[in-house]
Structure formats: structure tokens, C-alpha cells
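What follows is one structure encoded as C-alpha cells, with my remarks underneath.
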């Protein structure tokens, strides 16, 4: 009865987390907000769709000419084609060929997926419990394996401990047993939609979440119909903070001249801090040359100390809310394809793009073949690495930057402003697009970590400095010389 007529005792946060109660309940109490009611309604539809998909797969498997279900859905022709299994036990995941490997905490998404699988699995086990005279109850997972096969779905092998309860007299008993479960989650059929339709649908959905996030849903008649959305602007405004670094800026300017045939799709905003007089003169000459071919705006910050967060904020202040901004550094080289990905992966009012940049190691540690390559867009293991924990490069609309509160202007010295911006994007309704971009290369330069930095920033600075010196392969080569 308690399950069928569920009453959530934690009233202030009722039904704002997982909705596992919905699977078995007839009624839910209390539901006081229209937004929560809508969430329950949508989740109920999701459960019904999942049930219909499962039923469809079952019926397809019963067709005369249909292949029997098999645990082997993919046959590898070489070792490169093998999909590795990940092992998990308790809250720890052991994996290979991923970012946080070989060991890290089990992600929330995986834990939620396992909870859904266990719930559905035991519902199916107990669907005919009365006829069989037994009920199965889940205890825990001892360990398990999982892998993703991109063409088919997700495979699980779970070692579970469960209660086996016999309910027919005279043999009533409750036993603790251990069983293996082999589970397959099959992907649905392929869906194709135009980019414009996807962007519009995503913007509509996120816009409603933003209205709730900003606590505008005080009335009981919240309108979930289509919202009139502001237009998007596909002109990229690159904002570059600059303090000295003449050689780096010259390389950046030369790349900028040749990167795209159509230079009308982007413009450059330089936020310049004063340096030595001869350096300022050289930078001014390069800017004058650049202005002949590219739309360049210059903001002079004077002799104040360099602060990347303040520089990016000043550059953004001169733009309107519909401006598509790309925060970039003078040490970056990029291709025209990167600008296309910036435009496609940044959606106003819905999505922010944090590309993962390829960062070069010190050229002194490169192999001879790497030194012979004529350009920077090569990705050998000894040449560099994708900086998965760097968030300095980001494309975002000005209105979305204002939505999350702008840049943090209180951070002084090296680093942390990018991490702060990323975390605030994560905690907002905006969706994050995060992926390696092969058209972005960070050219190696020496890093100076001032001892006056706060401890957290100093540790991050030293970590970034040491990670960029050489690859593990190069270090092993050095060890072999002295062994």
C-alpha cells in the first residue's frame, strides 16, 4: 500500500531527484509545483516508451527469420576492433584508453543507469512471481563489467547478491544467493534531423529550463508553449588577451591571415597590456598590418597587472548580447574548420562549446621525424597531448555569459578563471559541448609559476608546466640512456 500510494516525507525537495517511485506507484504525494508535475508526466512517458521499445524488440526476436539473441553482437577482425570491457566494483571503475583511466570514481551517469537496469530487471523477474511461487529481491552488486558497442548498444555482466524468497507453503524460506546476469541494452533506430530543427528544439527546451532556473515560475499557469527566441549571429568574435609576447603574436597574426579565404566570418578583439616600449611598438606595427585584411578592434588596458579574466570581460563588454564570442590565446594556431565547429557547436541560449586543445610538448623532446614536419597540425604521442583538463578556450554567446554572471574578476595571477567559468556553466541549465578539436594546437612555451600565487593556483600552474615538458615515452627513452 505504501508503494502504490507513495507519500514523499521530504516535502521541500519532493520528486526533484530520481523518480524511481514512479515505476510502481498509482499516486504520488505531495506535488505542489506545476514544474514538478510536468517532470513526473514526462518521466511517465519515458517509462512507457521504454516499455514499448522493449516489447517491440521481443516481438522482432520472435519472427521466424530473425536471428536469435546473442551475447556476441560484434565480431572483431583485428585487435584494433576489440571493444574493451570496463570493470567496476563498489564505487570504483577500472578502465583502459579513456581520460581518467586506469581507476576513477564511478560516474553519476553510470550509477543512474545501473539503478534503472536493476529496477527493470527485477520487475521482469517478478512479473510472474505468484505462478512460480518465488520473489527475488536485490541486495547489491559485488562487481560487474560493462562496454559500449557503438553500433548496437551497451553490454553488462553483473555479479549480484539477491534474496530468493519462496512464498508457497510448506517450503517458505528466504535465501541469500549470488548470480551472474548478462544484460544487453539495445540502441534505438537511427534518427536524422536538420541542424536548424535540432538547434531550434534544443533552444526551446533549454529556454524553459532557464526560466525555471531564474525562479520566474511563481505563478501556477506557467506557459510551456513555444517561446519567441532571439536570433543567432554566426559571426565569430575572437577575444585575445595580450601582454608582450611579440613572437607569439606574430605567429598568431600570420596564421590569422591565411586561415580562411572568407575573412568576413570572424573578427579580432585584442585586449592589450603595456609592455616594454620597443615591444609595444612592434605589436602596434603588426596590428596595423593585420587591420589591412581583418576587422580588428583594440582595447588598451594600460600598465595594470595582467589578468586574463578581466581582459576577456573587457573584450566582451563592447559586444551586443547576440555576439558569438570565442575566447582564445595568442599561443593557439587553428584552422578554418575550427571556426565552423565553433559556429555549429555553440547554440544561443542552449549550448556552450569547450573544445579540447592539442598541446605541444617541448620541441627538445620530439622525435627526429616530428622535427621534420612543416606545420603544427600533427598529433604524435611524443609531440603533444590533448589537454582534457584545460578550459581556457571557450565559445559562448554574450547573452549566455551574462546569464551565468560573467567572468570572475576577483581571481588574480595564473589560471583558475577558466575552471570557474566552466563550473558555473555546469551548474547552469546550459548544455556543454566538450570534445577534442583537431584544428586547435597550443604551441609550447615556457611557463613561469610565481611563488606568490595562492596555493591552489600554484599547484595547478606547476602541474600544467610539468605535464607539458615531455611525453611518458620520451621520459622512458631518457631512462634507457642512463640504465
Residue within the range 440-459 that is closer than 26 Å to residue 211 by Cα, in contact with a strand residue (DSSP E or B) (Cβ under 7 Å, 6 or more places away or on another chain) and not in a loop (DSSP other than H, G, I, E, B) present: no
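Got a sec? Which of 474, 468 is surrounded by 14 or more Cβ atoms within 10 Å (Cβ to Cβ) and touching a helix residue (DSSP H, G or I) at 6+ places or on another chain (Cβ under 6 Å)? Don't jump to the end; show me each part of the working.
Values: 468 fails: touching a helix residue (DSSP H, G or I) at 6+ places or on another chain (Cβ under 6 Å).
Residue meeting the stated conditions: 474.
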Residue 286 at pLDDT 90 or above, in a strand (DSSP E or B), touching a helix residue (DSSP H, G or I) at 6+ places or on another chain (Cβ under 8 Å) and within 22 Å of residue 444 (Cβ to Cβ): no
Any hit, the range 112-128, residues being over 18 Å from residue 158 (Cα atoms) and touching a residue at least 12 places away in the same chain (Cβ under 8 Å): no
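Determine, yes or no, whether residue 150 is loosely packed, with under 10 Cβ neighbours inside 10 Å, under 27 Å from the mean Cα position of the chain (by Cα), free of Cβ contacts under 8 Å to residues at least 60 places away in the same chain and under 30 Å from residue 71 (Cβ atoms).
Working: loosely packed, with under 10 Cβ neighbours inside 10 Å: yes; under 27 Å from the mean Cα position of the chain (by Cα): yes; free of Cβ contacts under 8 Å to residues at least 60 places away in the same chain: yes; under 30 Å from residue 71 (Cβ atoms): yes.
Yes.
Listed residues 267, 275; which is within 21 Å of residue 315 (Cα to Cα) and out of contact with any helix residue (DSSP H, G or I) (no Cβ under 9 Å at 6 or more places or on another chain)? If you could, list the steps in order and put the result at the bottom.
Details: 275 fails: out of contact with any helix residue (DSSP H, G or I) (no Cβ under 9 Å at 6 or more places or on another chain).
Result: 267 is the single residue among 267, 275 that is within 21 Å of residue 315 (Cα to Cα) and out of contact with any helix residue (DSSP H, G or I) (no Cβ under 9 Å at 6 or more places or on another chain).
Could we say that residue 248 is assigned by TED's automatic domain parsing to the domain that holds residue 323, closer than 30 Å to residue 207 by Cα and surrounded by fewer than 18 Cβ atoms within 10 Å (Cβ to Cβ) here? If you could, list the steps in order and put the result at the bottom.
Numbers: assigned by TED's automatic domain parsing to the domain that holds residue 323: yes; closer than 30 Å to residue 207 by Cα: no; surrounded by fewer than 18 Cβ atoms within 10 Å (Cβ to Cβ): yes.
The answer is no for residue 248.
The values are calculated or read from the model by the stated rules, or taken from the named source; none is laboratory data. Since we're looking at a predicted model, the values are computed, not measured. Counting neighbours? That spans all protein chains shown, and the Cβs are built from the backbone with ideal geometry, glycine included.
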